[in-house]
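All remarks here apply to the structure that follows.
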Amino acid sequence: MCEMLRTTGTGRQMLRTATRTLGASIVAALIGFAGGLGVAQTTSTLDPTFGTGGIVTTSPTLIGGNPNAPGGGTTGTLTAIKQPNGDIPVVTGINLTEFSNPFFRLVRYTSDGTLIGATSASFAGSSSPGAVAVESNGDITVAGMATAASDDGATSFAAARFTANGQMDRTFGTGGLVLTTPAGVSPLASAPLVQPNGQILMGGPMSRVSRNASGETVLVRYNSSGSLDTTLGAGGIAKAVSAVASPAALAQRSNDSRLAVSGGTSVEFSSTGVLTSKSWWGASLTLSARRQAD
């Protein structure tokens with residue numbers, strides 16, 4: 001079961017998504033639709049103009065899922081986005097049948113919570129969405145992980161781009177889908193960034209190959225068409241050992257460097273993907289010129 005709620009706040013507006021799994025339920029909260037942009041208020045009430053008393057509940061069968069499948073047909077991360085026209089796309093994973101592999105699903109609602117429809121982004125094997133970036137034209141890029149259907153079960157960075165009206169963007173990759181497999185163990189795209197020039201940067205963690213080996217932070221950059229930008233790292237892929245555990249957000253600085261942030265740690269990469277600095281809660285370490293040249 002997919003459940004979404006919206007609350008109102010006095011004089012301020014902020015769209016915030018919160019995700020939690022309760023058995024087969026996934027709850028997304030959209031907080032504070034009133035006034036101009038600002039911060040969430042300390043007091044709020046359910047918005048009676050949204051759904052039934054501020055809550056919208058959608059059966060998985062209405063969005064292509066199977067209620068008998070694990071998680072009630074919905075899996076993975078759920079994220080809600082408020083578009084300029086008021087529509088609300090929701091990104092989740094979905095299972096068609098009890099034993100099928102999950103894949104990305106974009107479910108769209110009107111501003112009052114009426115279901116518009118759902119679109120699938122299906123990779124070979126199974127996939128799970130991890131993060132979302134919205135472009136200035138309203139296009140929605142979903143990043144996550146895809147696991148191959150082959151016996152080796154190799155995992156890849158997975159990216160799917162939807163148009164503002166919820167359809168697959170066929171100008172991106174192959175039918176709107178792109179898979180990239182960095183050399184390593186279990187790469188996962190956890191943070192996408194749409195750059196001002198239209199390129200898409202994705203960051204994520206990669207596991208250790210042995211107990212004594214350090215994990216890696218991986219950056220992958222795509223052109224707007226979905227092809228790899230070969231000016232980043234080696235052929236569009238850059239790696240850094242023990243940089244940041246799992247990037248939760250990426251940002252582009254005015255000096256054209258990129259920041260990757262996770263918890264109390266932030267790291268900085270040059271525009272070509274070279275790790276240049278690392279900081280812990282304000283304490284900064286600038287890496288040596290030798291390390292920058294590696």
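Backbone phi angles across segment 188-194, fed through the Karplus curve with coefficients 6.51, -1.76 and 1.60 (θ = phi - 60°), yield HN-Hα couplings of 9, 7, 10, 8, x, 9, 8 Hz in residue order; Gly and Pro are listed as x.
Summarising the amide proton neighbourhood of PHE123: residues at separation of 5 or more, or on other chains, whose placed amide H is nearer than 5 Å comprise PHE104. Normalised by the number of residues in segment 80-205, the average gap of Cα pairs under 8 Å and 6 or more apart makes the relative contact order 17 percent.
The stretch between SER271 and ASN165 holds 35.0 nm of extra length on full extension. This uses 0.36 nm per residue minus the Cα-Cα distance. Assuming R0 = 35 Å, what is the FRET efficiency of ALA154 and THR45, from their Cβ-Cβ distance, to the nearest 0.05? Given R0 = 35 Å and the Cβ-Cβ separation, E is 0.10.
Read-outs: derived from the displayed coordinates by stated rules, not from any lab. Nothing here was measured: the structure is a model prediction, and the numbers come from that model. Note that we place each Cβ from the backbone using ideal geometry, even for glycine, and neighbour counts take in every protein chain shown.
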